[in-house]
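Note sheet for the following structure.
The values are calculated or read from the model by the stated rules, or taken from the named source; none is laboratory data. These numbers come from a predicted model, not from an experiment. Because the Cβ atoms are built from the backbone with ideal geometry, glycine has one as well, and the counts that use them run over all protein chains shown.
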Amino acid sequence: MRGNGSPAGAAARRAAARITAAFADAGVTGQLHALDVDTGTSVSVTATQLAPTSSLHKVCLLAALYREAAAGRLDRTRQVDIPAAGRTPGLSGIAVMRDAVRLSLRDLATLAIAVSDNAAADVLWREVGIDTVNRAMAELGLPDTVAVHDMTAIRNALLAQPDLTDPAALSGISVLDPSRTNRSTPRQMAELFAAIWRDEVCAGDLAAELRSILGLQAWSHRLASGFPFDDVRVSGKTATLPTVRHEAGVIEYPDGGRYAVAVFTRAASTAAILPAADAVIGTAARIAVDALRTA
């Protein structure tokens, strides 16, 4: 929190120490940035260090889509015919469907967030364009948030590595190197979510629609696990790569408190299933938000 010599600053340091300890207990190296959407008060742990974003960059893609729609340069309701052949493989959404489909751009956006549909996301990457997404991030004051790859390119880079369980081999994979792939920092991803919730990406009905899509994510084992309350709303997006587990989003309390949080982690283990690494994302976010709410 701002004001290092103040009680709020001391609370921030205590929260950061607890978060760092939680990361260590879970066997991960972690980064975090949490901020009060309305006041800007924040808690940070290594929040300006670049990291690969993978599927988390779908939020940047949606922000650019809705920014283009607000400017009248793109119709988010336009229908796109998507043949069965040639889709980006994946584990959900149209990636696993067998027949041709016809969907609007905003429905593709919904699938890209709700079930992290890589095929839907890649249609949007083609329709919106990587350059447009990067320009939108720069215009929003997020210069370190840069797209390099679509989901097909990320998948191909992983398939080119024969053994994803070998820690030594992982060091050469481009999509795990933030200098060579989609990248951002926890601070800038939290700032992007805060901008969406403050109507700075787009306004009015478009902003409400964008926020509603970001509230549809099916996965509740990371960020949402720290806020198991019926009256607290968690919106967000995960990202997963070998050893990498991230999530960023917004936590909304019934009293009107709104907190943008980004938690990035890197595990020592290459195991695909690490419940502690998933759960610590929610734990760290809860510690940070509790500190902001009592500042």
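Of all residues in the stretch 75-94, how many are in a loop (DSSP other than H, G, I, E, B) and surrounded by fewer than 18 Cβ atoms within 10 Å (Cβ to Cβ)?
The qualifying residues number 10.
Any idea which of (1) assigned to a helix (DSSP H, G or I); (2) under 26 Å from residue 50 (Cβ atoms) is the one residue 240 doesn't satisfy?
Result: residue 240 fails condition (1) only.
Could you list, in sequence order, the residues of the stretch 243-256 that are in a strand (DSSP E or B) and free of Cβ contacts under 8 Å to residues at least 60 places away in the same chain?
Correct list: 249, 251, 252.
Report those helices (runs of 4 or more DSSP H) wholly inside the stretch 128-175 carrying at least 2 residues which are closer than 19 Å to residue 91 by Cβ.
The qualifying helices (runs of 4 or more DSSP H) are 151-159.
Among the residues of the stretch 151-174, how many are in contact (Cβ under 8 Å) with a residue 60 or more places away in the chain and more than 15 Å from residue 270 (Cα to Cα)?
Number of matching residues: 4.
So which residues in the stretch 179-218 are part of a loop (DSSP other than H, G, I, E, B), of a type outside the set (A, V, I, L, M) and touching a residue at least 40 places away in the same chain (Cβ under 8 Å), if there are any at all?
179, 181, 182, 185, 198, 200, 202, 217
How many residues are within 24 Å of residue 89 (Cβ to Cβ) and touching a Pro at 6+ places or on another chain (Cβ under 7 Å) if we restrict to the stretch 49-70?
Summing the residues that are within 24 Å of residue 89 (Cβ to Cβ) and touching a Pro at 6+ places or on another chain (Cβ under 7 Å) in the stretch 49-70 gives 1.
Being under 28 Å from residue 123 (Cβ atoms) and either among the basic types (Lys, Arg) or within 16 Å of the chain's Cα centre (by Cα) (or both) is true for just one of 190, 203, 160. Which residue is that?
Being under 28 Å from residue 123 (Cβ atoms) and either among the basic types (Lys, Arg) or within 16 Å of the chain's Cα centre (by Cα) (or both) holds for just one of 190, 203, 160, which is 190.
Say whether the condition of being closer than 20 Å to residue 36 by Cβ, among the basic types (Lys, Arg) and either buried (at least 18 other Cβ atoms within 10 Å of the Cβ) or under 14 Å from the mean Cα position of the chain (by Cα) (or both) is met by at least one residue in the stretch 212-232.
The answer is no; no qualifying residue exists.
Go through the stretch 266-283 and give me each residue that's under 13 Å from residue 223 (Cα atoms) and touching a Leu at 6+ places or on another chain (Cβ under 9 Å).
281, 282
Using the structure shown, decide if residue 24 is touching a strand residue (DSSP E or B) at 6+ places or on another chain (Cβ under 9 Å), at pLDDT 95 or above, part of a helix (DSSP H, G or I) and of a type in the set (Gly, Ala, Ser).
It is true that residue 24 is touching a strand residue (DSSP E or B) at 6+ places or on another chain (Cβ under 9 Å), at pLDDT 95 or above, part of a helix (DSSP H, G or I) and of a type in the set (Gly, Ala, Ser).
So, of the residues in the stretch 253-271 that are modelled with pLDDT of 95 or more and over 16 Å from residue 41 (Cβ atoms), which turns out to be surrounded by the fewest Cβ atoms within 10 Å (Cβ to Cβ)?
By that ranking, first place goes to 254.
Is it true that some residue in the stretch 65-74 is touching a residue at least 12 places away in the same chain (Cβ under 8 Å), surrounded by 12 or more Cβ atoms within 10 Å (Cβ to Cβ) and in a loop (DSSP other than H, G, I, E, B)?
yes
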